[in-house]
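**Q** Please read through the structure below; I'll follow up with questions.
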Amino acid sequence: MTSQRTRDRLVERLRAKGITDERVLEVMRTTPRHLFIDEALAHRAYEDSSLPIGQGQTISQPYIVAKMTEVLLQPGIPDVVLEVGTGSGYQSAVLSRLVPKVYSVERISGLLDRARRCHQAIGLRNIYTRHTGGVWGWPDHAPYPAIIVTAAPEHVPESLLEQLALGGRMVVPVGTFAGDQMLKVITRTATGFDEQTLDAVHFVPLLDGSIR
Ligand code: SAH
C-alpha cells in the first residue's frame, strides 16, 4: 500500500497531468506522504486526492502540491520560503527538500504539533514553524522571495503581499466557492504586483485568528 511501486505510479500520474520538473517529481516519489495522514487513511496516501486530517482541514492533493511547488521554484530555487497553512506538514516537507529554509505558519495548534512530530520523525531540520493568531504570515522574517499559501482567501490580505520581496513570487488559491477558486501566481515588481491565473482549485478557506 505504501510500497515503492505505489509511489512510482503516483509520479507517473503527476507526469501525465503535466508536472515536468524532475526535482519536484523525485521529491514527490521519496517523501513518505502516508506518515502525514491518519493510520486509518494511510492506504490511500499515494492516490492523487486530498484527504481529511481532522479539524475540518485537508492534506492537499499530490498533483496540487507538485504543481504549486513547481510554479514556486520555476524562476530558480529561493533561499527561503514561507508557507501559510502548515496543515499536515506534507507540503512543507516537500519544500524542505528543495529549499534551504522553510518557514511555515498554522492557526490550529493541534495540527501544528502533529506536523512538527512528523518532520522530526523523518529528520527534516530546516522547517521552522509557528502557531499564528491574528497576524497574516510571519512578518518577523520578511521579506520572502517565495510565499506559498495553502488555504484560500477571498482576496489576498495586503499584509501578506507586503511580506513578498521585490521580484519574489507568491502562489495562492483565491476565491471562496468551489468553481470560482483559482490558483494565482503573484509577482512583486518595482511598480506593484503582476498576477497570473492558473488552474481552478478547491482549498479550505484562509481564516483570521488562531484556535487550539
Ligand atoms: N499545506 C497543507 C494543507 C493545509 S490545509 C498540507 O500540506 O497538509 C490549510 C491549512 O491552513 C489548515 O490547516 C488551516 O488551519 C490553515 N489556515 C487557515 N487560515 C490560516 C491562517 N490565516 N494562518 C495560518 N494557517 C491558516
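The values are calculated or read from the model by the stated rules, or taken from the named source; none is laboratory data. What you see is a predicted model; the values in this text were computed from it and never measured. Cβ coordinates were reconstructed from backbone atoms using ideal geometry, including for glycine residues, and neighbour counts include every protein chain displayed. Accessible surface areas use protein heavy atoms only, side chains included; no ligands, DNA or RNA. Shrake-Rupley method; radii C 1.70, N 1.55, O 1.52, S 1.80 Å.
**Q** Sort the stretch 58-143 into rounded, prolate or oblate with this rule: let a ≥ b ≥ c be the square roots of the eigenvalues of the Cα gyration tensor; rounded if a/c is under 1.5, and if a/c is not under 1.5, prolate when a/b is larger than b/c, oblate otherwise.
**A** Since a/c stays below 1.5, the shape of the stretch 58-143 is classed as rounded.
**Q** Using the Karplus equation 6.51 cos²θ - 1.76 cosθ + 1.60 (θ = phi - 60°), what ³J(HN,Hα) coupling, rounded to whole Hz, does each residue of the stretch 179-187 give in order, writing x for Gly and Pro?
**A** 3J(HN,Hα) across the stretch 179-187, in whole Hz: x, 10, 8, 10, 7, 10, 10, 10, 10.
**Q** Hey, what's the chain come to in accessible area per residue, 1.4 Å probe, Å²? Display every interim value, and only then the final one.
**A** Working: 9800 Å² over 212 residues.
Accessible area per residue, the chain: 46 Å².
**Q** When the accessible area of the stretch 53-200 is split by element with a 1.4 Å probe, what percent falls to carbon and sulfur?
**A** C and S fraction of accessible area: 48 percent.
**Q** I would also like to ask the following. Using amide H atoms built in the peptide plane, which far-off residues or other-chain residues are under 5 Å from V135 H to H?
**A** Here the answer is G209, since their amide H atoms fall under 5 Å of that of V135.
**Q** For E158 and H43, FRET efficiency with R0 = 30 Å and r from the beta-carbon atoms, rounded to 0.05?
**A** 0.10
**Q** On a straight-distance basis, which lysines could pair with K17 in a cross-link, Cα separation under 24 angstrom, same-chain partners fewer than 8 positions away excluded?
**A** Once the sequence-local lysines are set aside, what remains near K17 is K67, K184.
**Q** Give the long-range amide H neighbours of T129: residues separated by 5 or more places, or on another chain, with amide H under 5 Å away, using H modelled in the peptide plane at 1.01 Å from N.
**A** Answer set, sorted by chain and number: S104.
**Q** While we're looking at this one, here's another question. Per residue of the chain, what 222 nm ellipticity follows from adding -39500 (n - 2.57) for every DSSP H run with n ≥ 4, rounded to the nearest 500? Show your work: numbers first, answer last.
**A** Details: 6 runs with 58 residues, N = 212.
Per the formula, -8000 deg cm²/dmol.
**Q** Need one value: the accessible area of H34 in square angstrom, 1.4 angstrom probe, rounded to the nearest 10.
**A** 40
**Q** Same structure, new question: Determine which aspartates and glutamates satisfy two conditions relative to K101: a Cα distance under 15 Å, and not lying fewer than 8 residues away in the same chain.
**A** Here the aspartates and glutamates satisfying the reach criterion relative to K101 are D79, E83, D140.
**Q** How far apart, in nm, are the 7 Å Cα→Cβ label points at T176 and Q61?
**A** Rounded to a tenth, the inter-label distance reads 2.3 nm.
**Q** Here is a further query. Roughly how tilted is helix 4-16, in degrees to the nearest 10 and between 0 and 90, from the longest Cα axis of the chain?
**A** Relative to the chain, helix 4-16 is tipped by roughly 40 degrees.
**Q** Moving to a separate point now. Please list, ordered by chain and number, the residues whose modelled amide H lies under 5 Å from the amide H of I59; skip anything fewer than 5 residues away on the same chain.
**A** L51, I53
**Q** Taking the DSSP beta bridges in the chain as the whole, what percent of them are antiparallel, to the nearest 5?
**A** Details: 16 of 35 bridges.
Among the beta bridges of the chain, antiparallel pairing accounts for roughly 45 percent.
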